[in-house]
Amino acid sequence: MHNVLLVWDARRATKPLINFISAFEKKSLDFDMELTIIQFDYKQDLFSGKIRYGMRSLFDQVHRVKPDIILSFGSQANVLSKLLKPTLRVPLICNALPEDLDRVDYTSSTLDKFTQKLSEHFKWKATENPLVFIPTMEIKTQFTGSIGVISEDPAGPVLANIIKQQHTEVVVIKKQDVLKRFFSELESIDLLIVSSRMSQDGGGIVHCANACGIPIVLICHTSQSEFIKEGYNGWLVSSIEDTRLIKRIQNWNDMSDAAKQVISHYSQEIQSQSNGIHNFFTILGLKELATVTLLNKRNKIA
């Protein structure tokens, strides 16, 4: 079993960052590891894992926990961890976060870039090609009844009209806003309908939505898609004229919140294993617990 220490900066933490850390902690339970989470905060409270921002405080926690892997998330945490690296005898893995999850000032951002040479730097964002990691959010529990479409999608205006005809609220979202600030942009919708032309960027739109627990209805001329697992993280329809499109909208509207939450969970699991937290743990060499592996096989997610 690996002893892993996670360090992050909770001062002025955004809601998406808090949700990401929570999802990270929950996913760690699926792996053969002991995760200790330390957060930088304004007041020291060792009982709840809070320490003041400083080299000495962090060094004391490293000495106490004695981890064999140290992870740090965010610019401020990365800077301090990297400066401490010469005294460490274990791997240090630093992670750059998208703007929705990290707030940095000019000084820390500049210093972070300078210290990137001291350690490996994993990037969590959807705007780079190829995609590296996209942060999986905490499981979705509230549903607004709204369906989203992408403004740049050639099928967007027609899709919006079809959704309105089913007496359902439509939320129009810009593609770049989803890729840069996916959590805040997608928070107000339960389902996203896009055409295949919007998933040609490597599936960025699909992955971002799934990371937030939002399934996809993908309009695709082929019967299969490398991004959609039918009935798990979304559904495929052949065209706008396909009668299954309206049925999918109607079925979604009639679905209970409990049923929606199951689909939401499956969407996040698939994204997590594709390019999210689960994939990150696997790349680090952490082993999934046998009981979890068996459950995933039964659910056909793994």
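The values are calculated or read from the model by the stated rules, or taken from the named source; none is laboratory data. The structure displayed is predicted, hence computed values, not measured ones. So basically every Cβ, Gly included, is an ideal-geometry build from the backbone, and we count neighbours across all protein chains shown. Please note that ligands, DNA and RNA were not included when accessible areas were found on the heavy atoms of the full protein model with its side chains. Shrake-Rupley method; radii C 1.70, N 1.55, O 1.52, S 1.80 Å.
General remarks:
- Applying the condition of being open to solvent by less than 40 Å² (accessible area, probe 1.4 Å), part of a helix (DSSP H, G or I) and at pLDDT below 95 to the range 267-292 and asking which residue is farthest from Phe143 (Cα to Cα) yields Val292.
- Residue count for the range 133-153, restricted to those that are surrounded by fewer than 17 Cβ atoms within 10 Å (Cβ to Cβ) and in contact with an Asp or Glu (Cβ under 7 Å, 6 or more places away or on another chain): 3
- Residues of the range 7-17 satisfying the condition of being surrounded by 14 or more Cβ atoms within 10 Å (Cβ to Cβ) and either among the aliphatic types (A, V, I, L, M) or out of contact with any helix residue (DSSP H, G or I) (no Cβ under 9 Å at 6 or more places or on another chain) (or both): Val7, Ala10, Ala13, Leu17
- Entry remark, the range 42-89: residues being among the β-branched types (Val, Ile, Thr) and surrounded by fewer than 14 Cβ atoms within 10 Å (Cβ to Cβ) number 1 in total.
- Spans of helices (runs of 4 or more DSSP H) in the range 162-266 with at least 2 residues of a type in the set (D, E, K, R): 175-180, 243-254
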